[in-house]
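The values are calculated or read from the model by the stated rules, or taken from the named source; none is laboratory data. Bear in mind the structure is a predicted one, so any value in this text is a computation, not a measurement. Using ideal geometry, Cβ is built from the backbone for each residue, glycine included, and neighbour counts are taken over all protein chains shown. The protein model used for the area step is the full one, side chains on, heavy atoms only, and it has no ligands, DNA or RNA in it. Shrake-Rupley method; radii C 1.70, N 1.55, O 1.52, S 1.80 Å.
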Amino acid sequence: MTFEELGVREDILRAITEMGYAHPMPVQEKVIPHLLNEDSDVVALAQTGTGKTAAFGLPVLQRIDTSLKRPQALILSPTRELCLQIGSDLADYSKYIDNLKVLPVYGGSSIESQIRALKGGVQIIVATPGRLIDLINRNTVKMDNIHTVILDEADEMLNMGFVDDINEILSNVPENRKMLLFSATMPTEIAKIAKNYMHNPQEFVIGTRNEGAENVRHIYFLVQARDKYLALKRIADHNPNIYGIIFCRTKRDTQEIADKLIEDGYNADSLHGDLSQAQRDTVMKKFRERNLQLLVATDVAARGLDVNDLTHVINYGIPDDIATYTHRSGRTGRAGKTGISVAIIHSKEKNKIRLIEKRIGKTFEHLEVPNPQQIIEKQLYNLADRIEKVKVDEEEINKYLPGVKKKLDWLTGLDLLKRVLSLEFNRLLEYYKDAPKLDIPVSEKKGKKGDRKDPREYTIDEKDRRTADKGYERIYINLGKADGFFAPNLIDLINQNTKGSRINLGRIDLLSKYSLFDVNKGDAHRVISALKNADFYGKRVYAEVAVIDKDYTSDNGKGKKRASRSEIVDPRHADNKPRRAKQRTRFEEVEFERPAKKGKNKRNKENDDKKRNNFEVFSKKKKR
């Protein structure tokens, strides 16, 4: 099948052939002939990157009357970036169509210049809903001649709260217009719009409703929440040629992650709502030209973002809305190419992975975070590949070779290779020297008898929690979150009580009644001695090297070894000497019961008094 066979006109064919369009994609094969030859409306469900812009853009251009300088087609998009992208694509497709004008209309740009352009005459308007309504209210946009209305990324417009704006805009266009609705998913609100404003729409589904992009591989890494940034860096280092978007949940997180990456030497920048339009345009220009490898963005800023050849989409936080994940992952694996959607999650986010799998019909792969050896090996091979493929200007380089060769002539080929690699990788080798494993130590949860076990249902093993990372010593401290004790408090406590060289902390686990943290083995006893009898808001501090089988949940702070069932002490014995009992006695549970109600007769009253006295004696002994 060719575009010519679909009915595309000669002047448009010439332009798209120069752009490298050879054969139509599935959505184009279905939509283009229908728009050129049928009168019914269209609902097309297809993922981002499947060729939707050309699917509606080519037939729209072909139906424009260039002799009429009035708006004839209206295309609505959720964001400024997508609005500009569609406008740019339509301009490329119409390169050889004389007197045809396309105008992108969006907020953040001068409304006066947009009004002047409209007065000069345009045939196609590509607009964001908010700015278009402003122009309608100013009576500067005439809708009388609109014969085609297109809603692109309709589900994203609804997610962004544009449903009322869309209804207002559609109420201003002629009743007999043709309407096209393109969406990656089909939520209820989209169905309502189709029912209210479309006439017997023909539905085209590319793939399966609400499924993820076909060419995208979905993987996830399970780490502690505090290790997410370290995991992100390892993923980037393990993929030297990465070109991707890192999605964060908030503007603050977005800016912080971007700043850290830049500080650590990565080619990155941020994109979020606090940036001006000029700043956003600059960032996007650098990213599209591949002067940036990593773009850290919020969902709102990246909605409708159209960038080709992304290798990775990285979810630094899993979104609450599953449809948002679908849109994120759809930014890669476009136009028949493959891509990877990565989720960096902590233990509380595992259930979201399962929900997303059900919605998109794809299975996530659980991978371990790349270790230092894997990263360095990948980087070395990448450097070897660059050396092998570098273009050599023989004429120019030969001028300098004799002097350089004379200086390095004492080195063998292997020595020279080692020095070249070390020059490039000494910093990386030093950074990853003795770097710890980031994955959460996990073990399968035991389900009910007969239940099918899910291999991804994990819990942290207590033994692993109390085991220090390589080169470290694990220390217990009798302060936890119930005491208002958190990581900054631990750092302050150590800094205030230790003398001499700085203490380097490793992994920190904060629990309710106590905490565990790693220090270098050589510093462990110095830290324990320094914290001995220290004070934290009136509570005496106790620290020791963590012991695997100790019960640190007791109130005395020092913990004790866990007692077996046969070693439980019966508190009824007056001498309080340990005596073995095979099972708990009824009296042991009195502490947790309410005192018996007073009896109606004297005998019951005596029994009640006796029980109450026994209970008070037991309670005093417990306190003592």
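Please tell me if residue 368 is modelled with pLDDT of 80 or more, loosely packed, with under 13 Cβ neighbours inside 10 Å and under 24 Å from the mean Cα position of the chain (by Cα).
So residue 368 fits the description; yes.
Quick one: would you say residue 254 is under 20 Å from residue 85 (Cα atoms), assigned to a helix (DSSP H, G or I) and of a type in the set (Ser, Thr, Tyr)?
no
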Subset of segment 349-364 that is more than 21 Å from residue 248 (Cα to Cα) and open to solvent by less than 80 Å² (accessible area, probe 1.4 Å) - its residue that is modelled with the lowest pLDDT: 361
It is to be established whether one or more residues within segment 447-454 are of a type in the set (D, E, K, R), touching a Lys or Arg at 6+ places or on another chain (Cβ under 9 Å) and modelled with pLDDT under 75. yes
Would you please list the contacts, defined by Cβ atoms under 6 Å and residues six or more apart or on different chains, that run from a residue in segment 312-330 that is under 9 Å from residue 343 (Cα atoms) to a residue that is not in a strand (DSSP E or B)? 313/328; 313/329; 313/331; 313/332; 317/249; 318/349; 318/352
If we keep just the residues of segment 385-419 that are basic (Lys, Arg) and part of a helix (DSSP H, G or I), which is nearest to residue 241 (Cα to Cα)? 386
Looking only at segment 146-164, filter to residues that are over 14 Å from residue 75 (Cα atoms) and open to solvent by 10 Å² or more (accessible area, probe 1.4 Å); which one of those is modelled with the lowest pLDDT? 159
Just wondering, is there one or more residues in segment 151-168 that are touching a Ser or Thr at 6+ places or on another chain (Cβ under 7 Å), under 23 Å from residue 71 (Cβ atoms) and assigned to a helix (DSSP H, G or I)? yes
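Test residue 379 against the stated conditions and say whether it is under 30 Å from residue 440 (Cβ atoms), loosely packed, with under 12 Cβ neighbours inside 10 Å and either of a type in the set (S, T, N, Q) or out of contact with any helix residue (DSSP H, G or I) (no Cβ under 7 Å at 6 or more places or on another chain) (or both).
It is false that residue 379 is under 30 Å from residue 440 (Cβ atoms), loosely packed, with under 12 Cβ neighbours inside 10 Å and either of a type in the set (S, T, N, Q) or out of contact with any helix residue (DSSP H, G or I) (no Cβ under 7 Å at 6 or more places or on another chain) (or both).
From the list 88, 113, 109, which one is at pLDDT below 90, open to solvent by 30 Å² or more (accessible area, probe 1.4 Å) and touching a Pro at 6+ places or on another chain (Cβ under 9 Å)?
88
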I'd like to check which helices (runs of 4 or more DSSP H) are fully inside segment 1-78 and have at least 1 residues that are open to solvent by 50 Å² or more (accessible area, probe 1.4 Å). 3-6, 10-18, 26-37
Taking segment 1-41 and the residues there that are of a type in the set (Val, Ile, Thr) and in contact with a Phe, Trp or Tyr (Cβ under 9 Å, 6 or more places away or on another chain), the one that is farthest from residue 180 (Cα to Cα) would be 17
Search segment 93-106 for residues being under 16 Å from residue 141 (Cβ atoms) and among the hydrophobic types (A, V, I, L, M, F, W, C), and hand back the single one that is least open to solvent (accessible area, probe 1.4 Å). 105
Taking segment 338-348 and keeping only residues that are under 19 Å from residue 231 (Cα atoms) and open to solvent by 20 Å² or more (accessible area, probe 1.4 Å), one is left with 340, 346, 347, 348
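Among the residues that make up segment 525-537, is at least one of them at pLDDT below 85 and at negative phi?
Checked segment 525-537: at least one residue is at pLDDT below 85 and at negative phi.
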In this structure, does residue 278 turn out to be hydrophobic (A, V, I, L, M, F, W, C), over 26 Å from residue 507 (Cβ atoms), modelled with pLDDT under 90 and more than 14 Å from the chain's Cα centre (by Cα)? yes
Looking at segment 209-251 only, could you name the residues that are modelled with pLDDT of 90 or more, of a type in the set (Gly, Ala, Ser) and not in a helix (DSSP H, G or I)? 244
Restricting attention to segment 427-440, does a residue exist that is assigned to a loop (DSSP other than H, G, I, E, B), surrounded by 12 or more Cβ atoms within 10 Å (Cβ to Cβ) and either of a type in the set (Gly, Ala, Ser) or modelled with pLDDT under 80 (or both)? yes
